[in-house]
Amino acid sequence: MDTVKNVQLTEPIIEAYVGEYASGKSENAVNRALYLNKQGLPVTIVDLDTVEPCYTLRPIKKELEDLGLDVVAWETQDTMGLGEAGSVIKGSMRWVLRRKGNIIMDVGYGVHGARIFNLVEGAFESPYLKIIAVLNMSRPFTSTVDNILEYVATLGRVDAVLNNTHMAEETTVDIVQRGAQGITEAAKRIGVPVVATAAVAEIAEKIGPFDCMGNPVWPLERIMPRTFW
């Protein structure tokens, strides 16, 4: 991930990760938060997934807190069922942008997830908020450049995109690089930057620090597969 120099006191990093179902937005949000924390930066990660909260930060909330993150999420013991509870935000989520330091938001998938910003106080007034669409060209709704353009248009505001093209355990360097090519082309047509290509650590190591399109490569630790509840 990009180098962070010194603790930022005046320009916090505030990023919201949105995307299609199974795009990898939660994985990237958690990995990004942990990366910034390892650079010595104070980081709050907030679970704003109210669409289908089955894979959430709740099961790993304590683990993430033990690693030094400030986690704003429902407690598992305060919720029940797969979606009946925790599908609304609470006060600490609504007012999260009042917190100092750096903030990473894990947002529910699709257009319904993106609407959560209407409930987060100050989201569209913040000069620092960057909404990042996580894209996986192995998924049906984002499998071509034209599909990506159509999909991103449904999300409303998008400030940048992230290539997270993969096929789980069948992912290869070629699959990731094809995603880099298509998503970089889509980004140019949308008029937004590609913040990075993300890939599991062993694939990222084979690719190197930059993908075939010159985008920085972010290595991922797979955390979310163990969070189903």
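Key figures for this structure:
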| quantity | calculated |
| --- | --- |
| Counted residues, the stretch 142-163 - those being in contact with a Phe, Trp or Tyr (Cβ under 9 Å, 6 or more places away or on another chain) and under 24 Å from ILE223 (Cβ atoms) | 2 |
| Residue within the stretch 129-137 that is within 15 Å of ILE104 (Cα to Cα), in contact with an Asp or Glu (Cβ under 6 Å, 6 or more places away or on another chain) and open to solvent by 70 Å² or more (accessible area, probe 1.4 Å) present | yes |
| Close pairs (7 angstrom Cβ cut-off, 6 or more residues apart or separate chains): at pLDDT below 95 in the stretch 205-225, of a type in the set (Ser, Thr, Tyr) anywhere | MET224/SER26; MET224/TYR55 |
| Flag if GLY179 is out of contact with any Cys (no Cβ under 9 Å at 6 or more places or on another chain) and surrounded by fewer than 16 Cβ atoms within 10 Å (Cβ to Cβ) | no |
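Results for (1) open to solvent by 60 Å² or more (accessible area, probe 1.4 Å); (2) over 19 Å from the mean Cα position of the chain (by Cα), shown as yes or no for each residue.
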site: THR154; (1), (2): yes, no
site: ASP159; (1), (2): no, no
site: VAL173; (1), (2): no, yes
site: GLU185; (1), (2): yes, yes
site: VAL195; (1), (2): no, no
site: ALA198; (1), (2): no, no
site: ALA201; (1), (2): no, no
site: TRP218; (1), (2): no, no
site: ILE223; (1), (2): no, no
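The values are calculated or read from the model by the stated rules, or taken from the named source; none is laboratory data. It should be emphasised that the depicted structure is a prediction, and the values quoted were computed from it without experimental measurement. Reconstructed Cβ throughout: ideal geometry from the backbone, glycine too, with neighbour counts over all protein chains shown. We work out accessible area using only protein heavy atoms, side chains counted, and drop any ligands, DNA or RNA first. Shrake-Rupley method; radii C 1.70, N 1.55, O 1.52, S 1.80 Å.
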